[in-house]
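Below you'll find the structure, written out as structure tokens, and then a few comments.
The values are calculated or read from the model by the stated rules, or taken from the named source; none is laboratory data. None of the values given here were measured: they were computed from a predicted structure. Don't worry about glycine lacking a Cβ; one is built from the backbone with ideal geometry, like all the others, and counts go over all protein chains shown. Protein only, heavy atoms only, side chains kept; ligands, DNA and RNA dropped before computing areas. Shrake-Rupley method; radii C 1.70, N 1.55, O 1.52, S 1.80 Å.
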Amino acid sequence: MAPQAAPHPEPGPMPSLQCWRLDTPGQTLAFASWDGRLPGVVYWGAPLPSTEDLEALARSQVRPLAPGTLDQVAELSLCPEEGRAFPGQPGLRLRDGRGRPLATQFELDAVEAEDGTIRFLARDRHRSLRYRACFEAAPGEEVLRARAVVEGAGDLILDWLAAPVLPLPQDAADFIDYVGRWSREFGEERVGFARGVHLRESRRGRPGHDHFPALVVPRPGATATQGTAYGVHFGWSGGHRMIVEELPDGRRQLQFGLSCSRDDRDRNEDGGFESGVIHFAHAEGGLSGLAQAFQSHVRRHLVRLPDAPAPRPVHFNCWEAVYFDHDLEVLKDLANRAADLGAERFVLDDGWFGKRDDATSSLGDWRADPRSYPQGLGPLIDHVEGLGLGFGLWVEPEMVSLESDLARAHPDWVLAPEGYAQIPGRGQQALDLAKPAVIEHLFEALDALLSSHRIGYLKWDHNRDITLAFDAEGRDLAYRRTRALYALIDRLRARHPQVEIESCASGGARLDYGMLQRCDRVWLSDSNDARERWRMQMAAMTFLPPEVVGSHVGPRRCHSSGRVLPMAFRAAVALTGHMGLELDLRELSDVEADELRRAIDFYKDNRAFLHAAREYRLEPVGEETSARMSVDDAGDCFLLFAATLAVPRAEASVPLRLAGLDPARRYRVRLCNPEVLQSAATRHFPSPLLTGSGLSLSGAALMQSGLVLPLAFPDTLWILEGRAVGERRGAG
Ligand code: GLA
């Protein structure tokens, strides 16, 4: 029989303790290191008083030793170590050149803390390894960034390095995971915490449609507008791995890192291996609080628009109008119609180059197809500019069709390990970006395109998963591919700073913050179905501000869902993002054209406001009403978008409670689009919302008792405007 644990173990000496903190206006992060070991996060939450005794805080978290366990509780440090007997997933898995695992016991060497930054430097003397974790907070911002680096002499094989590991709250019942597929990205799935590991991994060389690399953890009672929520995003554009783990003792950890393994050729400039960057925040104000924190972070620190704060121009994209069937006269006609409706940029999508009659050929041959463009792109660009529109172009630089001049000239540039069959994706293959000659060629080809034409925008696509990304010796190329891509875009942007880039990957398979640091817009989904888009855009709002989310008015019968949706709804949904049109404009009836024109005018009048405002996601009312709201910083005015998505359950609508207003001020609220009122849904609605003077109520009443809206058929989007009495909202 196993000996019983002593009921009162001898108390050992009190371990020594060092603590640090990093504060943003709305949160505190506290770290503790015991006996000089690697520190861990001991507190992440609402701001602590500046006088807080951090040592007492850390000691308050000391865990009792349970019978049948080791004599010391292994710490959930920034990099939980196998060598310290951590019982869960370790933050580092490293092997030496002969493949032998290196279990570490890091000791803290130094801590460098400056304004808004804290760096922990640790060393494993026995293994001659160094570990570094760095946390940064930009002044005034809530979102923090953190990354880890591991370094060591000799040959090393890195199988896993987590970005600094964060503890997750133990009282949360569940978390929000992101799930999806092509044309249905950004599904929010509530997953209950359970003992063990919840693993999401992309081994596709890009984040993928099925997992936007992020996690949201609402604490008990958190809603769309209230309570505490935690959000973490991993900004890496290759494959990633996310581990949510609950340990046997109830502690929970979150790890994010790269899914590939690495060797010595993947070290960065100073000889280390990096983890990739997590962007994370704690917020009060529920999901809306998180949205405001992350949107501000993207606005101020990631996206660098060439002409900020230039208004986001209304796009016309020809893809769903003509697909591969490019005819100069038809395109000019579409441009005329787009200009007449109010579009400001014409985007020539796939089909303009090589002999691209369908998806099976020509990727890599970035020269205009002489059959459709006998004098090159010049005449179309001249025409488009003559109408007052800018010109944008679709490219897919990382890919190649086997049926192309490029593949014929450089068969060795196609990513295909010798002896392996590489399954085509959309009929195409990927280029081996790890080869410097390939990157040099791509730079020259794109530079030539941008230098010889007036192109203000590139839609940069990536339409297949990356598989079998290893070289002849079996070494993983995934890390180098993504680094090479980043360097290529950075170099192009430096050469052509006026060119905007949109990141697209068959829709939203690659729209992480790594891309957003070098792009200006993301194509959220290939679905232009307004109902699907509304749902996806509501979910994406937690991490993306509306001005970077490309959002197009699609055809009457949606090409990806077959749904037929009214123009008023399609157009209103599109204007809640970076608005565009992507349909054959020749199909428009006069009534539809008028509705569309009105929506474009509304977008132009309000985009400066919408693209700078604080966004709120309102608490949904049943399955039928879902709403978002934008409020300016001063709380002077707002725009509210409320979608009816299902047949209302009751005979009258449930009041919709607003958010983010000044409770003490009075707001004049009116319905901006009363023309969408359907008499068959609402027989009569004698509400001041429909009058010119509107309804005047305090912010408190609007937030507490809410607004009753007319009953509507599904696929109706109400737009309401509110202004604090006596204040004016600036127009765009
Ligand atoms: C991808 C994009 C689409 C379109 C096509 C062109 O699927 O997501 O928007 O550009 O490629 O082939």
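For the reader, a short list of remarks on this structure follows.
- D447 being crowded, with 16+ Cβ neighbours inside 10 Å and either of a type in the set (D, E, K, R) or at pLDDT below 95 (or both): no
- Identity of the residue in segment 359-388, polar (S, T, N, Q) and within 16 Å of the ligand (Cβ to nearest atom), that ends up most open to solvent (accessible area, probe 1.4 Å): T360
- Residue within segment 276-299 that is touching a residue at least 60 places away in the same chain (Cβ under 8 Å), open to solvent by less than 10 Å² (accessible area, probe 1.4 Å) and more than 21 Å from the chain's Cα centre (by Cα) present: no
- Of the residues making up segment 181-190, those that are of a type outside the set (S, T, Y) and either open to solvent by less than 30 Å² (accessible area, probe 1.4 Å) or more than 20 Å from the chain's Cα centre (by Cα) (or both) number 3.
- Condition met for A612 (in contact with a Lys or Arg (Cβ under 7 Å, 6 or more places away or on another chain) and either touching a residue at least 24 places away in the same chain (Cβ under 8 Å) or of a type in the set (S, T, Y) (or both)): no
Residue-wise test of (1) acidic (D, E); (2) touching a Leu at 6+ places or on another chain (Cβ under 7 Å); (3) open to solvent by 20 Å² or more (accessible area, probe 1.4 Å); (4) more than 17 Å from A643 (Cα to Cα).
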{"residue": "H578", "(1), (2), (3), (4)": "no, no, no, yes"}
{"residue": "D584", "(1), (2), (3), (4)": "yes, no, yes, yes"}
{"residue": "D590", "(1), (2), (3), (4)": "yes, no, yes, yes"}
{"residue": "D594", "(1), (2), (3), (4)": "yes, no, yes, yes"}
{"residue": "R598", "(1), (2), (3), (4)": "no, no, yes, yes"}
{"residue": "D601", "(1), (2), (3), (4)": "yes, no, yes, yes"}
{"residue": "D605", "(1), (2), (3), (4)": "yes, no, yes, yes"}
{"residue": "A613", "(1), (2), (3), (4)": "no, no, no, yes"}
{"residue": "R617", "(1), (2), (3), (4)": "no, yes, yes, no"}
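- Of all residues in segment 496-511, those being in a loop (DSSP other than H, G, I, E, B) and either open to solvent by 10 Å² or more (accessible area, probe 1.4 Å) or away from the ligand (no atom under 16 Å from the Cβ) (or both) number 5.
- Cross-chain or 6+ apart pairs with Cβ under 9 Å, segment 502-517 first and under 14 Å from D490 (Cβ atoms), then outside any strand (DSSP E or B) and aromatic (F, W, Y): G514/W236; G514/Y486; M515/Y486; Q517/Y486
- Among residues that are surrounded by fewer than 22 Cβ atoms within 10 Å (Cβ to Cβ) and on the phi > 0 side of the Ramachandran plot, G250 is included.
- Meets criteria (surrounded by fewer than 23 Cβ atoms within 10 Å (Cβ to Cβ) and within 16 Å of the ligand (Cβ to nearest atom)) for F316: no
One line per residue, one yes/no per condition, for (1) under 24 Å from A724 (Cα atoms); (2) more than 27 Å from the chain's Cα centre (by Cα):
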| position | (1), (2) |
| --- | --- |
| A613 | yes, no |
| P620 | no, no |
| E623 | no, no |
| C637 | yes, yes |
| A642 | yes, no |
| A646 | no, yes |
| A650 | no, yes |
| G660 | yes, no |
| Y667 | yes, yes |
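Let's see how each residue does on (1) at pLDDT below 95; (2) assigned to a loop (DSSP other than H, G, I, E, B); (3) within 21 Å of L258 (Cα to Cα):
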site: R59; (1), (2), (3): no, no, no
site: R63; (1), (2), (3): yes, yes, no
site: T69; (1), (2), (3): yes, yes, no
site: G83; (1), (2), (3): no, no, no
site: Q89; (1), (2), (3): no, yes, yes
site: L108; (1), (2), (3): no, no, no
site: V111; (1), (2), (3): no, no, no
site: L121; (1), (2), (3): no, no, no
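- Tally of residues being open to solvent by 10 Å² or more (accessible area, probe 1.4 Å), of a type outside the set (A, V, I, L, M, F, W, C), under 35 Å from the mean Cα position of the chain (by Cα) and over 28 Å from Q105 (Cα atoms) across segment 11-51: 7
- Members of segment 161-173 that are open to solvent by 30 Å² or more (accessible area, probe 1.4 Å) and either outside any strand (DSSP E or B) or closer than 23 Å to L544 by Cβ (or both): Q170, D171, A173
- Qualifying positions in segment 661-706 - open to solvent by less than 40 Å² (accessible area, probe 1.4 Å) and touching a Gly at 6+ places or on another chain (Cβ under 7 Å): L661, Y667, V669
- Among the conditions (1) of a type in the set (S, T, N, Q); (2) within 12 Å of the chain's Cα centre (by Cα); (3) surrounded by fewer than 23 Cβ atoms within 10 Å (Cβ to Cβ), the only one that S237 does not satisfy is (3).
- Selection of segment 325-353 for residues being open to solvent by less than 40 Å² (accessible area, probe 1.4 Å), within 16 Å of the ligand (Cβ to nearest atom) and either outside any strand (DSSP E or B) or within 20 Å of S551 (Cβ to Cβ) (or both) yields H326, L331, L334, R345, F346, V347, L348, D349, D350, G351, W352.
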